1. May I ask what percent, to the nearest 5, of DSSP beta bridges between residues of chain B are antiparallel?
2. Listed here are the pairs B:Lys251/B:Lys538; B:Lys16/B:Lys569; A:Lys147/B:Lys538; A:Lys33/B:Lys251; which of them are more than 32 Å apart at the Cα?
3. When you look at the Cβ of every residue in A:104-111, what mean number of other chain Cβ atoms sits within 10 Å?
4. Give me the percent relative contact order of segment B:154-247, please, defined on Cα pairs under 8 angstrom at least 6 residues apart.
5. Counting DSSP beta bridges with both partners in segment B:452-593, what percentage is antiparallel, nearest 5?
6. When the dipole is taken about the Cα centre of chain A, and only Lys, Arg (+1) and Asp, Glu (-1) are charged at their Cβ, what size is it in debye, to the nearest 20?
7. How would you rank B:616-628, B:270-282, highest first, on the average number of other Cβ atoms within 10 Å across their residues?
8. Calculate what fraction, in whole %, of the accessible area of the protein assembly as shown sits on carbon and sulfur atoms when a 1.4 Å probe is rolled over the protein chains.
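The values are calculated or read from the model by the stated rules, or taken from the named source; none is laboratory data. Only a predicted model underlies this, so the values are computations on that prediction, with no experimental measurement involved. Here Cβ is always computed from backbone atoms with ideal geometry, including for glycine, and neighbour counts include all displayed protein chains. To get the accessible areas, we keep the full protein, side chains included, count just its heavy atoms, and leave off ligands, DNA and RNA. Shrake-Rupley method; radii C 1.70, N 1.55, O 1.52, S 1.80 Å.
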Amino acid sequence: MSDSQTVSVTINGHVYTADCDPRLTLADFIRHKCGLTGTHLGCEHGVCGACTIMVDGRTARACLMLAVQVDGSTITTVEGLASGNELNPLQEAFWDNHGLQCGFCTSGMLMCATELLEENPDPSAEEVREGISGNLCRCTGYDSIVKSVLAAAEKMRS
Amino acid sequence: MTVIGERIPRSDGQSKVSGEAIYGVDYAEPGMIWGALLRSPVSSGRITRLDTTAAMAMPGVHAVLTAADAPDAYAGWVLRDQRLFAVDRVHFEGQPIAAVAADTLAQARAAAAAIDLEIEPLPAVVDLDHALSPDAPLVHPDWESFVPTAGPDFPRGGNLAAESISDPPGVDEAFARAHRVISDEFVAQRQYQAYIEPKSAVGIFRDGRYTIHTAHQFPYNVRDRVSQFLNVRPSAVRVVGHTIGGGFGAKLDASLEPYAALLSRAVRGLAVKLVNTRTEDLITCPSREGAITRLRSAVDAEGNIIARELEVIADNGAYSGEMPWLASIALHCARGVYRAGPTRVVARLVYTNTTPTGAFRGVNGTYLYHAVERHMDHIAAELGVDRLEYRLRHLFTDGEELLNGQVLDDAGILRQGFEAIEAAAPWAELQAEKRPYRGIGIGAAWWLTNPSAGTAVVKMHEDGTVAVVTAATDNGSGAVSMGVTQVVAERLGIPPADVHIALPDTDVAGFDGGSQGSRTTRIVGKASQIAADEVVEKLKNVAAGLLEAAAEDLEVAEGTVRVKGVPGKSMTLAEVAVTAMNTVGPIQGTGSFVTPFPDFNPGCATGLMLPSFPTPTYHVHLAEVEVDPVTGNVRVLRYLVAQEVGRVISPDGTYGQVMGAVTQGIGYALHESLRIGEDGRYRERTLESYRLPLAGDVPRVEFFPLEHPDPDGPFGAKGVGEGPVLLPAAVIANAVSDAIGKPFNQIPITPEEVLAAIQS
């Protein structure tokens with residue numbers, strides 16, 4: 001067995017420190033060591049995007065990283081989007097515009113859209129479609145997700 | 001003020017956008033340990049060695065179980081043909097052979113891999129036609145010993161898992177006098193439901209009973225299956241449901257649940273959790289069955305179809321699940337929605353050494369309508385008649401009597417569907433504007449709303465809000481989080497936010513037929529409406545004395561019980577509910593509902609297990625596509641749906657179902673290739689190679705709801721969710737065939753096939 005390593009990382013403003021197997025994925029670290037189950041695992045090989053998080057301000061697939069890679073990093077997961085119990089405009093827009101059904105892809109969609117709107121605060125519908133095309137949703141057919149992101153963008157610009 | 005037909009925020013929205021929702025795969029128990037399964041690496045073979053000694057000695061291992069540790073029982077939804085673990089023989093790749101419980105998931109998986117297993121491979125039965133030939137090996141040589149789960153046995157034998165045949169008089173005579181006979185063969189691949197949450201289960205053996213936590217569409221079915229596998233009575237199993245990360249039919253039967261239960265018993269009641277890897281999930285999922293459909297139509301000199309033959313051979317996989325029930329759907333779809341004279345229908349379901357198939361939204365209908373609607377295009381082309389004109393000429397009308405004797409009183413709605421599509425996309429204009437490599441397809445369908453029973457208790461809290469206790473599940477559709485919620489809110493005159501619907505628990509809520517066949521809003525909505533009506537009556541009776549009015553002069557509205565027409569004479573629901581505590585006791589109501597099967601002729605067919613289609617709905621779809629002649633890619637430019645919906649309860653939910661189902665249909669038509677090799681194993685094994693539709697692959701669906709409120713449904717509601725998946729393969733295949741000028745009779749239509757057709 002390999003020796004465990006100590007990983008310390010700031011997630012949603014809290015510092016989490018845990019000993020972990022060097023092979024532990026970041027997704028499993030977040031879900032099991034930190035108890036943040038909002039980051040969902042759909043495929044465990046970087047295809048579905050459900051586990052998308054922010055690592056030092058950039059989106060990443062938590063299933064494709066190891067926990068030891070993020071020692072000292074700052075991470076945002078879906079649980080970090082709201083301020084207390086107040087949802088942020090993207091979360092509100094997904095809820096208001098039926099941008100989710102089962103909701104399992106939603107965490108990853110929200111994180112992906114967060115980065116999208118940071119880079120392009122006024123995207124066209126086509127740009128949103130392109131932007132979320134790396135995330136799989138099996139329920140909605142994507143249209144309501146596009147609508148949600150556009151609604152959030154509008155609200156965030158005003 | 002009404003909430004029916006209004007947009008409301010779904011009750012699970014906050015938890016889903018905040019990451020707080022606990023899905024089945026997130027669920028954990030104190031002291032929980034982990035399980036893993038050893039699955040067969042081959043699709044057919046004989047187990048020659050199975051030694052768990054080394055695995056048992058691995059770190060952290062608590063138990064290793066094989067068939068020797070499981071009850072000697074057979075289980076199955078329709079036919080009891082399946083054991084918990086393979087015994088001697090393996091019948092499909094992925095079939096469980098052993099189960100391990102260990103402290104961590106990694107330890108459990110390592111121990112499963114350390115089990116000493118040797119299998120002598122045997123020939124696999126894969127090809128559907130060959131499976132029925134006399135020289136094919138039998139998938140189950142002991143098929144005669146299998147017992148139906150309920151009721152009498154049904155037509156089956158050898159590799160024939162089920163058969164339904166309808167052979168009315170006059171078919172051969174009509175073919176003999178036909179002006180021409182048009183024949184086609186259609187092939188459809190399997191389709192993986194590909195919900196984003198993989199399957200999981202937590203099992204607990206405590207107080208001599210099994211408790212199972214799972215994210216499941218049909219908790220009561222899990223209860224029944226676990227009780228069969230573990231050979232205990234159903235009430236010895238309690239199933240608790242959690243938020244479901246998609247299902248689409250694949251989470252209607254038990255999967256990991258009985259293994260979690262048995263492992264927990266073996267480790268003296270510690271909770272044991274199993275979770276599929278994505279590849280395990282894909283290769284063992286009860287996917288939509290592959291099928292071969294052969295159609296022959298006899299046409300007279302005027303172009304009328306005077307007789308038809310439909311033969312469908314569908315892939316059951318190695319075990320039957322729900323599939324025998326569904327074989328008779330071919331009878332209901334054989335003519336589509338067009339008059340076609342006497343029709344002989346032969347539906348055969350065959351055992352193969354492949355993963356058992358099962359329910360996927362629009363069961364059987366997707367490939368049957370693909371076949372029928374492609375065939376209609378072919379007939380019209382042979383006759384030199386416009387495809388739309390030909391359909392309209394033969395379209396069902398009010399009072400149409402079907403092959404099973406069922407009468408469709410309202411089939412004239414179909415014409416309204418065609419008119420709605422015509423208004424938005426005039427056929428003549430589409431034809432006139434056609435450019436090279438563009439094509440148009442049109443088709444129509446009818447479908448059922450699943451009639452299975454449901455029940456609900458509506459209980460009034462002392463603060464004027466209500467809880468609804470039901471085993472209904474919201475698979476994401478919003479049928480519970482919006483539909484049933486709205487029905488109850490409307491009936492009680494309270495805001496939807498004051499209606500709280502519990503997650504399912506089979507120890508608490510009565511039987512529910514699960515989220516399948518578009519039934520939840522209609523069946524559970526109706527049961528909840530009946531329960532709410534009882535609450536209304538009790539509220540009035542309690543309030544009557546307080547308001548000094550007769551109960552019949554009272555109404556429950558806007559959060560109050562009030563005297564009709566007398567402003568100011570009212571009490572809040574909370575006041576009435578508190579008063580009731582001292583007079584009649586807590587106020588609650590109960591409702592149950594089931595839709596009876598419409599009348600049919602029982603002599604019309606053998607093997608008629610799904611005899612007629614309750615609560616029919618009608619559907620017309622049109623697609624416009626563009627083919628890239630260089631890459632072979634097909635792009636769907638426009639997609640239109642006109643759908644009869646009874647009454648729209650939730651506009652977001654309704655449109656969400658249509659948009660989502662059409663997207664799954666586009667995937668089925670163009671992208672989702674799930675091939676089976678000659679060895680019986682899937683070629684596609686991950687979500688990387690199994691290609692789901694992406695955001696850029698689907699246009700916004702133009703949707704035209706046709707409302708014809710059903711007097712039996714809650715506020716007129718009928719099923720919505722399944723119908724829109726029936727036709728995309730049909731109309732897209734018609735459109736691609738139109739674009740290229742060559743028939744595409746296989747699903748999916750991959751770029752390789754498009755290029756081959758262009759180049760040939």
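1. Details: 99 of 127 bridges.
In chain B, approximately 80 percent of DSSP beta bridges are antiparallel ones.
2. Working: B:Lys251/B:Lys538 38 Å; B:Lys16/B:Lys569 42 Å; A:Lys147/B:Lys538 44 Å; A:Lys33/B:Lys251 29 Å.
Listed pairs above 32 Å: B:Lys251/B:Lys538; B:Lys16/B:Lys569; A:Lys147/B:Lys538.
3. Numbers: counts 14, 5, 8, 5, 1, 2, 3, 0.
Taking all residues of A:104-111 together, the mean is 5.
4. Working: 89 pairs, mean separation 22.1, N = 94.
Value for segment B:154-247: 23 percent.
5. Details: 17 of 20 bridges.
If we restrict to bridges inside segment B:452-593, about 85 percent are antiparallel.
6. Working: 10 positive and 20 negative charges, 58 e Å.
I would put it at about 280 debye.
7. Packing proxy ranking, top to bottom: B:616-628, B:270-282.
8. On the way: 16090 of 31730 Å².
Whole-percent figure for carbon plus sulfur exposure: 51.
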